[in-house]
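The values are calculated or read from the model by the stated rules, or taken from the named source; none is laboratory data. What you are looking at is a predicted structure, and each value in this text was computed from that prediction instead of being measured. Neighbour counts run over all protein chains shown; Cβ positions are idealised from the backbone, glycine included. In case anyone asks, the SASA skips ligands and DNA or RNA and just uses the protein heavy atoms, side chains included. Shrake-Rupley method; radii C 1.70, N 1.55, O 1.52, S 1.80 Å.
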Amino acid sequence: MQEKVEVSKFALPVDEEHKATELRLLSAAGPHMRAFHLAWLSLFTCYFSTFATPPLLPVLRRHLHLSPVDVAHAGVASVSGIIVARLAMGPACDLLGPRVASAALALLTAPAVYAASAVSSPTGFIVLRFVAGLSLANFVANQYWMSSMFAPGVVGRANGVSAGWANAGSGAAQFLMPLAYSCILRLSGSPSFSWRAAFLLPATLQVVGALAVLAFGQDLPDGNFVSFSRSQEKRSSRKPTSKEGFWVVVADGLGNYRGWILCLTYGYCYGVELAMENVVAQYFYGRFGLGVEAAGLVAACFGMANVVSRPAGGMISDAMGRRFGMRGRLWSLWVVQTVGGVLCVLLGRMSSLGASMAVMCCFAFFVQAASGLTYGVVPFVSKRSLGMISGMTGSGGALGGVVIQLLFFSGTKYSKETGISLMGIMVLVCTLPVSLIYFPQWGGMFCGPSTSEDDDPEEDYHLLK
């Protein structure tokens, strides 16, 4: 009777850990769906802030005297800091909870976005892009929060939809920032004032999102991390990690080879997405002669595809998991990411605007769906070190973006179209290690589960439902 009373306090059906077993997108019921909407909206503002700059580069180049090298360095800077920041965000979520960790980072990086309104030199521009980009480490908190709120049977879908809707912030920035600039320019007549005033929009949205998370969010189905630390309730879905246990969590995560493989493969789906967000507007502006607003609108299609593509990846992962178990999740990840790599190669070889736009949209769907499929596997790697594995994978995405930017889009060695095709070849090669992932309980792409229950006894895995 007591159990029924406890379960009835939730608006959604839950499992024994009080994690929701359904995802109701049109609901804002607490704590599960409220956390869902706060998580994606807050991360949406971080993506919006980080990628508010690329669509205005044709204007910023003139006013800040940016050379092609400065632009390339700024692109690298915007994603390089995320490597360490995402790695640190995993343990931070294990210790503080995703609510406090994400809100703190968003509030600490928002001043850099405000400061973009006053920047006057190429060096200052690069530094501010670096600091603003750190906010994307909140992606780890987003995925951690979803994994803490939703049961294994729907966690892939929850992760995919939450991250996909949030990533659409980059596409919204590609469209809205040129629009804001144009509107202010018509009113003021000053190009310099207009682009500076436009940067107040993303900065303010980021602050509002962070404050909403603090005010209305909840870390776990049964409360926040702080309250659990004091009450030491046994029914918490994830217990806070003690100071001594911190290094155990870190060591377990770093010692899990599956996490490193996901780190690599995520670098060439999400990392590709980061690189494209920095160059896609310039690509259409320079190669096809589009204006600032038109290039921004075309580029927005790439980022806005996240609204459907990444959630589709999470849904495919859950559906294949229910039908074929872990083997289905891994095969679907490999197939989708490989198709994305082929389309990336083709995109760089298209010579007409219409064909480039069509291939770009298909490429965006598959490469972003692969990100959702990756995080459909992450929650099953290690329950004890979930934050660490999530952080490692997220950092791999940022590292992949940096490597791609440095290899193919820095300097004048490669044209944008050649760089895009070479990037596609890297995607094909770096997706192959997915075949090496193996779980003793569930098997891998080619092998069934082990008959021995003693394999890898130190790991505390989720049950696959």
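For Ala74, the conditions (1) open to solvent by less than 30 Å² (accessible area, probe 1.4 Å); (2) assigned to a loop (DSSP other than H, G, I, E, B); (3) farther than 22 Å from Cys301 by Cα all hold with the exception of (2).
Residue count for the stretch 67-109 satisfying the condition of being touching a Ser or Thr at 6+ places or on another chain (Cβ under 7 Å) and acidic (Asp, Glu): 1.
Taking the criterion of being within 26 Å of the chain's Cα centre (by Cα), open to solvent by less than 30 Å² (accessible area, probe 1.4 Å) and not small (Gly, Ala, Ser), the residues of the stretch 15-40 that qualify are His18, Lys19, Leu23, Pro31, His32, Met33, Phe36, Leu38. Within the stretch 396-419, the set of residues being open to solvent by less than 10 Å² (accessible area, probe 1.4 Å) and within 21 Å of the chain's Cα centre (by Cα) comprises Gly396, Gly397, Ala398, Gly400, Gly401, Ile404, Gln405. Condition check for Val69 on (1) over 25 Å from Val213 (Cβ atoms); (2) in contact (Cβ under 8 Å) with a residue 60 or more places away in the chain; (3) in a loop (DSSP other than H, G, I, E, B): one failure, at (3). Contact map, the stretch 194-212: first residue at positive phi, second residue modelled with pLDDT of 95 or more and open to solvent by less than 30 Å² (accessible area, probe 1.4 Å), Cβ cut-off under 7 Å, separation 6 or more or different chains; the map is empty.
Note on the stretch 346-364: residues that are in contact with a Leu (Cβ under 8 Å, 6 or more places away or on another chain) and open to solvent by less than 40 Å² (accessible area, probe 1.4 Å) total 5.
Of all positions in the stretch 284-297, none carries a residue that is crowded, with 23+ Cβ neighbours inside 10 Å, closer than 11 Å to Ala364 by Cβ and touching a residue at least 24 places away in the same chain (Cβ under 8 Å).
Residue by residue, here is whether (1) open to solvent by less than 30 Å² (accessible area, probe 1.4 Å); (2) of a type in the set (A, V, I, L, M, F, W, C) holds:
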site: Ala85; (1), (2): yes, yes
site: Ala110; (1), (2): yes, yes
site: Thr123; (1), (2): no, no
site: Leu134; (1), (2): no, yes
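Only one entry in Ala158, Ala215, Ala163, Ala168 is hydrophobic (A, V, I, L, M, F, W, C) and touching a strand residue (DSSP E or B) at 6+ places or on another chain (Cβ under 8 Å), namely Ala158. No other residue among Phe44, Phe48 is in contact with a Pro (Cβ under 6 Å, 6 or more places away or on another chain) and closer than 22 Å to Ala300 by Cβ apart from Phe48. Going by the structure shown, is Leu353 touching a residue at least 24 places away in the same chain (Cβ under 8 Å) and either touching a helix residue (DSSP H, G or I) at 6+ places or on another chain (Cβ under 6 Å) or of a type in the set (Gly, Ala, Ser) (or both)? Answer is no for this residue.
Here is a yes/no grid of residues against (1) within 28 Å of Tyr414 (Cα to Cα); (2) open to solvent by less than 50 Å² (accessible area, probe 1.4 Å); (3) among the aliphatic types (A, V, I, L, M); (4) assigned to a helix (DSSP H, G or I):
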| site | (1), (2), (3), (4) |
| --- | --- |
| Ala300 | yes, yes, yes, yes |
| Met320 | no, no, yes, yes |
| Val342 | yes, no, yes, yes |
| Phe366 | yes, no, no, yes |
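Of the listed requirements (1) surrounded by fewer than 21 Cβ atoms within 10 Å (Cβ to Cβ); (2) of a type outside the set (Asp, Glu); (3) modelled with pLDDT of 95 or more; (4) under 18 Å from Ala115 (Cα atoms), Pro202 misses just one: (1). Any idea how many residues of the stretch 162-196 are open to solvent by 50 Å² or more (accessible area, probe 1.4 Å), at pLDDT below 90 and in a helix (DSSP H, G or I)? Summing the residues that are open to solvent by 50 Å² or more (accessible area, probe 1.4 Å), at pLDDT below 90 and in a helix (DSSP H, G or I) in the stretch 162-196 gives 1.
Candidates are the residues of the stretch 41-66 that are assigned to a helix (DSSP H, G or I) and among the aliphatic types (A, V, I, L, M); the one that is surrounded by the most Cβ atoms within 10 Å (Cβ to Cβ) is Leu43. With respect to being of a type in the set (A, V, I, L, M) and out of contact with any helix residue (DSSP H, G or I) (no Cβ under 8 Å at 6 or more places or on another chain), Val339 falls outside the description. Going by what's in this entry, would Ser117 be described as on the phi < 0 side of the Ramachandran plot, surrounded by fewer than 24 Cβ atoms within 10 Å (Cβ to Cβ) and either in contact with a helix residue (DSSP H, G or I) (Cβ under 7 Å, 6 or more places away or on another chain) or part of a helix (DSSP H, G or I) (or both)? Yes: the conditions hold for Ser117.
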